[in-house]
Amino acid sequence: MALPELSLQFVYARLAWALVLAALVIGLWPASWRLPRRALGAIVAACLLLMALPGAASPAWHLGLAFQYPSGLLAGLCVVMLHARWRRAPGPVPAALPVPLAALLAVAGVLLYLDAFGLIAGGYYYGGFGGRAALAAVLLAGACAVAAARGRFSLQAGAILGALALFSFARLPSGNLWDALIDPLLWGWALVALAGAALRVLRIRLLRPADRAAAAGEAELPALQPAGAEQISSNKE
């Protein structure tokens, strides 16, 4: 079992929490309002400076006591969200966490929590430290590379590849594969995304048939639009 260097963990925690905070602040900004790039850059810079404060003066210190480290995937998805706002492409902003990925994360989180509570004895979390974790990382990286090559959620696949690279080359954030791919905040985000998708489907089913098609189109664009569509719109620009 190889653990990351403490100095790398310190730098990673500050940077990752800054990305999470910036994405949260910008996410509160309505997507229909175009946030100026200067304002977006100022928010990111302010979050970086705030998290870089020494010792207990940094919010990262207190967040680390409660949540340890953000997963590499959470940090990567926050970068995806910030990138979407920076591009300011016409049309709705695609979801950083699409429903298929949210479903996988939700199921994985349930298994890990049931294992941690002793309701099932699978030892799934501790398996993330063993040699099988390296093999799983290679297989998952290959699947993400194929998905990105086919244009299926390429930005999200890139975020997963980035998390796997941090785990493989620097053992970040904790030396455990699961900690690189999921954390309590990301699991909660996945549950909220699934609940929102379920509510949209329920609302569509309750509408009249004449309004159902239009509502379905509005619901699918932000949540299920493949990341490849972003590349098409950027080429047009």
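One table, with the values for the structure above:
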{"quantity": "Calculated FRET efficiency for the pair E5/V25, C-beta based, R₀ 41 Å, to 0.05", "calculated": "0.85"}
{"quantity": "Cβ charges +1 (Lys, Arg) and -1 (Asp, Glu), total dipole of region 79-184, debye", "calculated": "480"}
{"quantity": "Cα-derived Rg to Rh of region 39-101, Kirkwood definition", "calculated": "1.05"}
{"quantity": "Anisotropy class of region 76-142 from Cα gyration tensor, a/c 1.5 cut", "calculated": "prolate"}
{"quantity": "Shape call, region 1-158: gyration tensor on alpha carbons, a/c limit 1.5", "calculated": "oblate"}
{"quantity": "Prolate/oblate/rounded call for region 4-69, Cα gyration tensor, a/c under 1.5 rounded", "calculated": "prolate"}
{"quantity": "Whole-number percent relative contact order across region 92-165, with pairs defined as alpha carbons under 8 Å at least 6 apart", "calculated": "20"}
{"quantity": "Region 1-134 - percent relative contact order, Cα under 8 Å, separation 6 or more", "calculated": "26"}
{"quantity": "Extended-chain gain in nm, criterion 0.36 nm per residue less alpha-carbon gap, R132 and W86", "calculated": "12.7 nm"}
{"quantity": "Gap separating the Cα centres of region 164-178 and region 1-50, nearest whole Å", "calculated": "19"}
{"quantity": "Average Cα contact separation per residue, region 11-66, under 8 Å, 6 or more apart, as relative contact order %", "calculated": "44"}
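Any read-out appearing in this document is the output of simple, stated calculations on the displayed coordinates, not a laboratory observation. Because the structure is predicted, anything quoted here is derived from the model rather than measured. Note: ideal-geometry Cβ built from the backbone for every residue, glycine included; neighbour counts use all protein chains shown.
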